[in-house]
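The values are calculated or read from the model by the stated rules, or taken from the named source; none is laboratory data. The structure displayed is predicted, hence computed values, not measured ones. Quick reminder, even Gly has a Cβ in these numbers, built from the backbone with ideal geometry, and neighbours come from all protein chains shown.
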Amino acid sequence: MSARLLRRASLRVARAAAVLFTVALGAAALPRLMPGSPALAALGPGATPEQVAAYNDRVGMDENVLAALWQWLTDAVHGDLGRSLLNDVPVATELGDRIPVTLELFLTAQIVALAVAVPVALRSAWKPGGVFDRVATTGAFVVTAAPGFVLGLLLIYVAAVQMRVLPATGWVRFTDDPVENLRHLVLPALTLGLTEAAVFTRTLRVQLMDTLDQPYIAAARGRGMSTRRLLTRRALRPSSLPLVTLVGLGIGTSLGGSVLVETLFAVPGIGSLVATAIAGRDFPVLRAVIVVSAAGVVAATLAVDLLYRRLDPRIADARR
Amino acid sequence: MTPPHIPVLDVRSLHTHIHTAGGPLHVLHGVSLTIDAGECLGVVGESGSGKSVLARTVLGVHGRTVRVENTGRVLLHGDDLLDIDPRQRRRRLGGGITMVHQDPMTSLNPVVRVVDQVTESLTNRTRMGRRERLRVATELLAAVDVPDPERRARAYPHELSGGLRQRVGIAAALAGDPALLLADEPTTALDVTVQRTVLDLMDRHRAARGLATLLITHDIGLLYGRAERIAVMYAGRIVETGPTEAVTGRPVHPYTVALLRSVPRVTGELRRVLPTIPGSPPDLALPIAGCPFAPRCERASAVCGTAPPPRVDVGEGHSAHCHHPVGRETTSTTASVVVPKPASAATGTVVEEAAP
Ligand SMILES: Nc1ncnc2c1ncn2[C@@H]1O[C@H](COP(=O)(O)OP(=O)(O)OP(=O)(O)O)[C@@H](O)[C@H]1O
Ligand SMILES: [Mg+2]
């Protein structure tokens, strides 16, 4: 048994490594995939051949892709992710500054999304077609259909402009001032969270409707279980697998940042870094972000898989 | 004077309508029945005759999106369940009334440990610690002959066999020490070899606890020696009811006769071909003027299509609703076939020969 488990675990790690390697390869090839000469685009048409050669050396254009990748990987293992082409700051330092910001934002957003979606979906699914369900389903649809920034602008208008209770943009680090940090967190987290909540609600509602039609739910009701207990203690867990996937991916992909929300609220996270890096063709930064965010997704997928086994004992047994 | 006798369950002219997209469906048409403590009433009938709807209406739990309207009375120890508020009613679930479900594969929650499902009737009303739950569940599982009950209590349903799961279902039903047990085809989903032991188990607990039992089945043969009385359902009506020996030995309603004909007799020669009743039950959405069985009945006459059949009492609590009751031809206007049709004449299905 344990030998099998070990084999399965190593298989997993190997697969994760293969995924990351492929992504890193793609990221290394990025400058070559750009149309025209990235060097001339970055340095301007008046650049001297020496400047162009120096540039190509920095982005690893003049070597073979695999060699460039190998070089990058060995440096990365030693904590060196290169330097930004735009401001010469070490990429590792930049990421170290920004990852906590983005993670804080995304974790809060997931909590907001769950806090909204779970009760709404439970109530909707219990009486499908009822007034609450119709309002909730329509609301979720509107939020999903509207571009993300609309919600953000609306929140800024209400909370920052009209009521003047929260700052519209900017960021304060938690370590500098926890209260200000939270005040700056509210609007971007709500924007991200409510958008996610719409998707969460729809996913969970569909799954719950299926669960609630199962005979075991009727059986529990027949033993006198209250509706609230029935929903939270008996129906939620067997309905939660797709939601767990969504939350996992939500956190996993967060390392890529949300360009939209971070730009809108001037949050100094990965998303706004990516926005400037793309505009300035800052390949070392982009490359690092791509690999780090892929690692996040791989880790999240593993975590989701483990959680599945906790949530549904049949899965654990079937795959053992 | 002796105090009035109050049965555990007393259903009086129960009419149930289920709201569907195509309008209300009149599923139960004036069902009346009683069950005493320790007594087993067997309810038989073809698929769609309303047996499950009857059980769900007595329990008061339909599908969450199903809207029903009831008239009549459902008295549990004399209290009308149709007349009390939902919270009061829910308090009786698990304790007063419980149900054993048809399919033990789907009626247990796959992600909840057996211990927590078995003790549900109790934990819905009072808080119980983890150890207490495990102790109670182990006792209950032992009482329904689950081997190694403590380990099984900690297991998840998928780790148990079908027979064990149905025992878990019965244990869950017994947990709240109920007065009335509704068993809706509790063994249909089980292997033939397991069916008997599960039914015997239910009999044992019925006798020991004085449990009133409503045993639903479409197999009348299963009720011999188990049910004191039988109610035969057809198209939402109880068409014949009485003591088991009377109903099976001297059936009065042609539908009962037809039902009995489709049961393999263990004694006597085994028949390879079982007749099924020709035709199909009526569409409940259409109104029925006379007897619902008339279109399929070999004794039917013109009156059967126009007037509701009268109640015929044949003594010792045995009665039927029929214009032309079997065995009482002297009173009926048509003297038609008394002897059941030979098997070869009826449409038949081949069944495996059961070992005697
Ligand atoms: N939720 C529902 N919505 C609409 N019609 C229903 C519903 N439940 C039951 N019915 C109808 O009521 C009638 C009786 O159904 P019921 O399930 O009680 O039959 P049954 O005697 O239990 O049959 P079976 O032996 O197949 O279990 C059927 O015609 C069925 O179509
Ligand atoms: Mg049924």
Scan the stretch A:287-320 for residues that are farther than 28 Å from residue A:232 by Cα and at pLDDT 90 or above and report the count. 13
Scanning for something more than 26 Å from residue B:232 (Cβ to Cβ) and either in contact (Cβ under 8 Å) with a residue 40 or more places away in the chain or out of contact with any helix residue (DSSP H, G or I) (no Cβ under 8 Å at 6 or more places or on another chain) (or both), does the stretch B:33-47 turn up at least one residue? no
If I go through the stretch B:61-76 residue by residue, how many of them are surrounded by 15 or more Cβ atoms within 10 Å (Cβ to Cβ) and either hydrophobic (A, V, I, L, M, F, W, C) or at pLDDT 95 or above (or both)? 8
From (1) within 12 Å of ligand 1 (Cβ to nearest atom); (2) of a type in the set (D, E, K, R); (3) away from chain A (no Cβ under 14 Å); (4) more than 19 Å from the chain's Cα centre (by Cα), pick out the condition that doesn't hold for residue B:51. (4)
In the stretch A:1-23, how many residues are basic (Lys, Arg) and under 22 Å from residue A:292 (Cα atoms)? 2
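Here's the yes/no breakdown for (1) touching a strand residue (DSSP E or B) at 6+ places or on another chain (Cβ under 7 Å); (2) of a type in the set (D, E, K, R); (3) surrounded by 19 or more Cβ atoms within 10 Å (Cβ to Cβ):
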{"position": "A:82", "(1), (2), (3)": "no, no, yes"}
{"position": "A:144", "(1), (2), (3)": "no, no, no"}
{"position": "A:152", "(1), (2), (3)": "no, no, yes"}
{"position": "A:159", "(1), (2), (3)": "no, no, no"}
{"position": "A:162", "(1), (2), (3)": "no, no, no"}
{"position": "A:165", "(1), (2), (3)": "no, no, no"}
{"position": "A:173", "(1), (2), (3)": "no, yes, no"}
{"position": "A:176", "(1), (2), (3)": "no, yes, no"}
So the check is Cβ under 6 Å with 6+ separation or different chains; which pairs have a first residue in the stretch A:215-236 that's within 7 Å of another protein chain (Cβ to nearest Cβ) and a second one that's of a type in the set (Val, Ile, Thr) and surrounded by fewer than 20 Cβ atoms within 10 Å (Cβ to Cβ)? A:215/B:106
Which condition from (1) surrounded by 19 or more Cβ atoms within 10 Å (Cβ to Cβ); (2) within 16 Å of ligand 2 (Cβ to nearest atom); (3) under 26 Å from residue B:167 (Cα atoms) is the one that residue B:31 breaks? (3)
Positions within the stretch B:106-149 being within 14 Å of chain A (Cβ to nearest Cβ), over 17 Å from residue A:216 (Cα atoms) and in contact with a Pro (Cβ under 7 Å, 6 or more places away or on another chain), in sequence order: none
From the option list A:302, A:286, single residue qualifying as part of a helix (DSSP H, G or I), more than 14 Å from every other protein chain (Cβ to nearest Cβ), over 19 Å from residue A:100 (Cα atoms) and touching a residue at least 40 places away in the same chain (Cβ under 8 Å) is A:302
Pairs with Cβ under 9 Å, 6+ apart, first in the stretch B:205-225 and within 14 Å of chain A (Cβ to nearest Cβ), second away from ligand 1 (no atom under 16 Å from the Cβ) and modelled with pLDDT of 95 or more: B:214/B:9; B:214/B:35; B:214/B:40; B:214/B:180; B:214/B:181
Could you please find all residues in the stretch A:269-301 being of a type outside the set (Gly, Ala, Ser) and surrounded by fewer than 17 Cβ atoms within 10 Å (Cβ to Cβ)? A:276, A:278
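Yes/no per residue for (1) closer than 18 Å to residue B:44 by Cβ; (2) part of a strand (DSSP E or B); (3) acidic (Asp, Glu):
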position	(1), (2), (3)
B:197	no, no, no
B:204	no, no, no
B:216	yes, yes, no
B:221	yes, no, no
B:227	yes, no, no
Matching residues, the stretch B:150-161, being within 12 Å of chain A (Cβ to nearest Cβ) and acidic (Asp, Glu): B:159
Within the stretch B:73-83, can one find any residue that is outside any loop (DSSP other than H, G, I, E, B), within 15 Å of ligand 1 (Cβ to nearest atom) and in contact with an Asp or Glu (Cβ under 8 Å, 6 or more places away or on another chain)? no
Scan the stretch B:97-105 and give yes if some residue there is facing chain A (nearest Cβ under 7 Å) and part of a helix (DSSP H, G or I), otherwise no. no
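Residue B:89: among the basic types (Lys, Arg), surrounded by 17 or more Cβ atoms within 10 Å (Cβ to Cβ) and assigned to a loop (DSSP other than H, G, I, E, B), yes or no?
Criteria not met by residue B:89.
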Positions within the stretch B:1-17 being hydrophobic (A, V, I, L, M, F, W, C) and assigned to a strand (DSSP E or B), in sequence order: B:9, B:11, B:14
Looking at (1) more than 12 Å from every other protein chain (Cβ to nearest Cβ); (2) of a type outside the set (Phe, Trp, Tyr); (3) assigned to a loop (DSSP other than H, G, I, E, B), can you tell me which one residue B:164 breaks? (3)
If residue B:46 satisfies every condition in (1) within 16 Å of ligand 2 (Cβ to nearest atom); (2) over 29 Å from residue A:208 (Cβ atoms); (3) in contact with a Gly (Cβ under 6 Å, 6 or more places away or on another chain) but one, which is the exception? (3)
What's the number of the only condition in (1) touching a residue at least 40 places away in the same chain (Cβ under 8 Å); (2) within 12 Å of chain A (Cβ to nearest Cβ) that residue B:64 fails to meet? (1)
What number of residues within the stretch A:35-54 are within 37 Å of the chain's Cα centre (by Cα), in a loop (DSSP other than H, G, I, E, B) and surrounded by 10 or more Cβ atoms within 10 Å (Cβ to Cβ)? 1
Which condition number does residue B:45 fail, the rest of (1) near ligand 1 (Cβ under 8 Å from one of its atoms); (2) under 22 Å from residue A:219 (Cα atoms); (3) of a type outside the set (A, V, I, L, M) being met? (2)
Find the residue count for the stretch B:18-70, including only residues that are part of a loop (DSSP other than H, G, I, E, B) and over 30 Å from residue B:6 (Cβ atoms). 9
